[in-house]
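Data first, discussion second: the structure below is written as structure tokens.
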Amino acid sequence: MVAFTLFVMRFGRIIRRIHLFRFIFDKWRGTAISVHKTLLVNFLLFRIKDALKLPIWVYQGTRIEHIGKVQINAPLHSGMIRFGRRKFFRSGKTVIINNGVITFQGNCTIMGGTTVHVLGTNCQMQFGRDVMIGENVKILVGPDISIGDFTRIAFGCVLMSADFHYVLNTSNGKVHRSMAPIVIGKYNWIGNNCSIKKGVVTSDYCIVSNNSLLLKDYSTDLPYPFIAGVPGKIKGYGLRRIYNDKSSKELDSFFENDGGDSMTIPLKEDDPDFNWYCNGKINVHLH
């Protein structure tokens, strides 16, 4: 029985490597590209010569209630923008409701189960280059939300630039704004199930711990801040995400072979930020 199970697993891996079978398999799972939705979106948004490049791919399980205005400020190529791609989770619709403007500065992946709702004609959602939005994220844009280049927002997060209702302070009679833009810096790594409210600003290379609640401007001149807690506070500095694939593979090998609880990377005097180890080519469709 064990031998038969192993045979089936190996046979399945071989079959999935064949493009036709992989296409059929993904269709059966509901994780493949929706051809008719992809064609419809591209030809609604772009001139024919640009639409034929199919810069936007729409995956199965994606509902586009209103496409609105979409701008891509980069050379167009096939599949550079992806709506509804699935990796970890299989349930929940991806929903795009754009009543304003969505702007992409380059490649971007919006994973499955995510909602992007741009609430009004004066509202703008801007994605930097090679941004990835994880699965089951909820983004409500009213007014603007901007996400910097190479930022990763993990599954289950909520970004809301509007509270929708006013609150009166009965001790002094004051009522504050219910809306304010959100500005997320470059190379941010936002952990899963974080909530980011109106008026939040983060610096470049910021790491936010999972389940944190961000409520204010966290921008700082100090390098590589780390935010955690409810409400979120800057807990430290000098922590960087490692984007370099070669470095990540070396670390995987080290820890899988029981190398211990930590590995010390040598410091180079001419590179105190460890750019040689952390930086590398970043492909948003793979990370």
Qualifying residue in region 99-106 (condition: within 23 Å of G142 (Cβ to Cβ) and touching a helix residue (DSSP H, G or I) at 6+ places or on another chain (Cβ under 6 Å)): no
What's the total number of residues in region 94-140 that are part of a strand (DSSP E or B) and open to solvent by 20 Å² or more (accessible area, probe 1.4 Å)? 9
Tabulated pairs, region 169-183, first farther than 30 Å from F127 by Cβ, second not in a loop (DSSP other than H, G, I, E, B), C-beta under 7 angstrom, 6+ apart or interchain: V175/L168
Only one of (1) in contact (Cβ under 8 Å) with a residue 40 or more places away in the chain; (2) of a type outside the set (S, T, N, Q); (3) open to solvent by less than 40 Å² (accessible area, probe 1.4 Å) fails for R241. Which number is that? (3)
Give the residues of region 160-206 that are farther than 17 Å from G148 by Cα and aliphatic (A, V, I, L, M), sorted by residue number. A162, V167, L168, V175, M179, A180
Test of understanding: among S78, S91, S146, which residue is in a strand (DSSP E or B) and not β-branched (V, I, T)? S146
Only one of (1) hydrophobic (A, V, I, L, M, F, W, C); (2) out of contact with any Ser or Thr (no Cβ under 9 Å at 6 or more places or on another chain); (3) open to solvent by less than 20 Å² (accessible area, probe 1.4 Å); (4) in contact (Cβ under 8 Å) with a residue 60 or more places away in the chain is not met by I153, so which one is it? (4)
If N73 meets every condition in (1) in contact (Cβ under 8 Å) with a residue 40 or more places away in the chain; (2) polar (S, T, N, Q); (3) within 25 Å of K49 (Cα to Cα) apart from one, which number is that one? (1)
Tell me, which residue of region 192-251 that is of a type in the set (A, V, I, L, M, F, W, C) and part of a loop (DSSP other than H, G, I, E, B) is farthest from the chain's Cα centre (by Cα)? L222
Out of contact with any strand residue (DSSP E or B) (no Cβ under 9 Å at 6 or more places or on another chain) and open to solvent by less than 60 Å² (accessible area, probe 1.4 Å): does that describe L267? no
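The values are calculated or read from the model by the stated rules, or taken from the named source; none is laboratory data. This structure is a prediction, so every number in the text was calculated from the model and none was measured. Glycine also receives a Cβ, built like all others from the backbone with ideal geometry; neighbour counts cover every protein chain displayed. For the accessible areas, the whole protein counts, side chains as well, though only heavy atoms, and no ligand, DNA or RNA atoms are used. Shrake-Rupley method; radii C 1.70, N 1.55, O 1.52, S 1.80 Å.
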